[in-house]
Structures are given as structure tokens and as C-alpha cells.
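The values are calculated or read from the model by the stated rules, or taken from the named source; none is laboratory data. No experiment lies behind these values; they were computed from the predicted model shown. Glycine also receives a Cβ, built like all others from the backbone with ideal geometry; neighbour counts cover every protein chain displayed. In case anyone asks, the SASA skips ligands and DNA or RNA and just uses the protein heavy atoms, side chains included. Shrake-Rupley method; radii C 1.70, N 1.55, O 1.52, S 1.80 Å.
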Amino acid sequence: MKDTKMIHIKNGDDLNVAAEILKKGGTVAFPTETVYGLGANALMEAAIDQIYVAKGRPSDNPLIVHLSSLEMMTPLVENVSEKAKKVMDVFWPGPITLILQSKGVVAPNVTAGLSTLGIRIPSHPIAKKLIELSGVPVAAPSANLSGKPSPTEGKHVVEDLTGRVDAIVIEEQSEHGLESTILDMTQEPPMLLRPGSVTREAIEAVIGSIEVDPALNKKMAADVQPKAPGMKYTHYSPDADLKIIQGPLEKVVTHIQTLVNNTKGKVGVMCCDETLKEYSAEVVLSLGKRSDLTEIASNLFKTLRKFDELGVDIVYCEGYDTLGMGQAIMNRLNKAAGYEIINL
Ligand code: TXA
Ligand code: MG
């Protein structure tokens, strides 16, 4: 057990303490604009090992390296294409990770043996400041225990990682609430490996058409390997059995209510503000306004955790169109549901 230091930014606690821990090879969880990350010095193999241990993460799943400036990137990667530079220019700092050719400078366990490296410059002021103060590239997966939804609030990290990491920097709810978009820039055309709040449409507006990993929205068959190793795991999986019902909204509402009426046990419904009043079930939670997919995305993981807290056995969830942000929302929902989807 580690004696985890809690650093509350709102109470004026000193971020320098966290930066010092990082620099010396410790593990520090911190807020970013996507989800909370669990950071360690990307140049120190022993520090990186502690991340895998703290999360219970399979060692074949590489980590994203977080930087506070473009200058920090130069020693780490090579063959950065013009398209990659354009994407950086438009979307960094922000919620998109680029896969680039590694120079092999980071510790080998950061990339889990791959010759490529995922890089992101976060826009969250605390994340930026922490990396700047530590002065080192910071490898950071989401700060959840493996198999739990990514943490979007400090209290989720405290629940998952107290006693397992050296420090937790606590701040408000993450703005986007879904992990960063991952775009592989080592191939032409570039390939979307994980959808996020920087949408496919927004990327294509900048660099033209991109490919999408064909493994993205399918249940993983033994012969299809996603290019982002982490995407093969059923992450974000709640304790409750989750089923998605997709189709015209009115039909979906009627169908879910019928399912609820015919299901034994503690039954939950995950809906939106627009349909909240239509359901009668033991637990009915809204993700926010369907007309604002950004809001739906930012509340998704904390709502999944809420169902677990309430000990719900089965959750029926409304589906979303897969345009824009809808693609990222349905990707996470599909994974959480093990691709159990009823199409009406
Ligand atoms: O928003 C985010 O990206 C958050 C915050 C903390 O920045 N981090 C995050 O990290 O979601 P993690 O470890 O939970 O997810 C990283 C994903 C995994 O699916 C991993 O397999 C993939 O990125 N990945 C990392 N390096 C890669 C590489 N070189 N090639 C392909 N996929 C890679
Ligand atoms: Mg993760």
C-alpha cells in the first residue's frame, strides 16, 4: 500500500509537490480535459512499471505520452508529416492523440514494444502546468482500474487508486468526459483508431479523407485486431448487464418500457432529458440533453459508475446516431455493452 498524497487544487494545495514526485519516478493522477490520467516519467522504465501495476493493466497495451509544448516532442519522434503538423496546429493543445514514429527515446514499456508512439498536448491548465513543472514527458493512461470506466471526476480516481499511487491531483469534472481521439499519422491516409470529441468530420475538414480502423465498431473476432492494442479489451464495462436499444426514439422508448416491465431484478434505464419522464423503472438516469451530444458524452462514464454504485442488475440504454460526437458515444456504449444492441 502506498501513502497516497491528495492534492486539492481548489484548496490551494501546491502542484509543485506533484511535479517533484513525477520527476523523481513516482506516479501521479491528474485531471485533463478528456478524463483523469495516471502519469509517470516516460523516460524512467521503473516509473512506468508502476502505472501497469497500479491499474492492473495488461503490459501489451502502450501508453500515451503527454507534453506541454511542441519543443518537447522533437527529441521523441521522427518523420512527422505535413498532415500531422496541420492537425497539431489546429487541434493542439486538445483532446486528440497522434501516433507518430518513435525515436526510441522513451522507456521501452511506454510503447509496449511498438515502433510508434502516441503523443498528446492536453489543454487542461492543471495538466499543462504539471507537465511544465516536472519538465519531463509524462506517460499517462486513464486513471481508472483496468476494466472500470475512465474517471471523469476526482472522486472516481480516489475510489480506484487510493493506496496504489503516490499522489492524486483533484479538480473539477473533466470537460469532454471521453478519452482523446486517436489518429495514426504513420500511414497514408491517416487512420482513426479511437473516436473522441475531435470528430472524424472535423479532422477531414483539415487534412481531407481519413480511414477508420475497420475493427472499431465490431465485436472483436479472433481474426480482426484493432490497431490500438487497448481497443481490444472490453473497457468501460459496468457491473450491470447493459443493453442498447437503437432506432427511432419513440419506438425505442416504448420498447425499453416493455423490456423493463418484463425484467426481474433491479432494472435501470439510461436515457436523455427529452425522454426522462416517459419511463417508470427502479432507477432512471439521464445523460443530459440529446440535442447536445457534448453533454451526453461528458456524463456517460460517471452515469455508468452510478448504476454500479446503486447495484443495478440490468440497464437498458437508448442508442445515438453515429454522426459527429455520436460516433465516440456509440463506440464507448457498444464496448460497455459488449456489443449487445437491439435494432428496431
Ligand atoms: O484522453 C486520453 O487519451 C486519456 C488522457 C489521460 O490523456 N488517456 C487514455 O489513455 O485514454 P489509455 O491508456 O486509457 O488509452 C490509450 C489507448 C490505448 O487503447 C492504447 O492501446 C492506444 O491508446 N495506444 C497507445 N499508444 C499506441 C500506439 N503507439 N499505437 C497504437 N495505439 C496506441
Ligand atoms: Mg483507459
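One table, with the values for the structure above:
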read-out	value
First in the stretch 29-46 and assigned by TED's automatic domain parsing to the domain that holds GLY104, second anywhere and surrounded by fewer than 24 Cβ atoms within 10 Å (Cβ to Cβ) and of a type in the set (D, E, K, R), Cβ under 7 Å, 6 or more apart	PRO31/GLU171; GLU33/GLU175; LEU38/LYS55; ASN41/LYS23
Yes/no for GLY37 being crowded, with 16+ Cβ neighbours inside 10 Å and within 23 Å of the chain's Cα centre (by Cα)	yes
Single residue of ILE48, ILE21 found to be modelled with pLDDT of 95 or more, crowded, with 21+ Cβ neighbours inside 10 Å and in contact with an Asp or Glu (Cβ under 9 Å, 6 or more places away or on another chain)	ILE21
Residue under evaluation GLY288, criteria (1) under 24 Å from the mean Cα position of the chain (by Cα); (2) at negative phi; (3) at pLDDT 95 or above; (4) open to solvent by less than 10 Å² (accessible area, probe 1.4 Å), criterion not met	(2)
Spans of strands (runs of 3 or more DSSP E) in the stretch 128-242 with at least 3 residues of a type in the set (Val, Ile, Thr), more than 15 Å from ligand 2 (Cβ to nearest atom) and over 21 Å from PRO62 (Cα atoms)	167-170
Of the criteria (1) in contact with a strand residue (DSSP E or B) (Cβ under 7 Å, 6 or more places away or on another chain); (2) farther than 21 Å from ALA19 by Cα; (3) buried (at least 23 other Cβ atoms within 10 Å of the Cβ), which one GLY154 fails	(2)
GLY268 in contact with a helix residue (DSSP H, G or I) (Cβ under 8 Å, 6 or more places away or on another chain) and in contact (Cβ under 8 Å) with a residue 40 or more places away in the chain	yes
Residues that are among the hydrophobic types (A, V, I, L, M, F, W, C) and under 18 Å from SER180 (Cβ atoms), drawn from the stretch 288-332	LEU293, ILE296, ALA297, LEU300, PHE301, MET325, ALA328, ILE329, MET330
Selection count, the stretch 74-109, where residues are without any contact (Cβ under 8 Å) to a residue 60 or more places away in the chain and either within 25 Å of HIS124 (Cα to Cα) or buried (at least 19 other Cβ atoms within 10 Å of the Cβ) (or both)	9
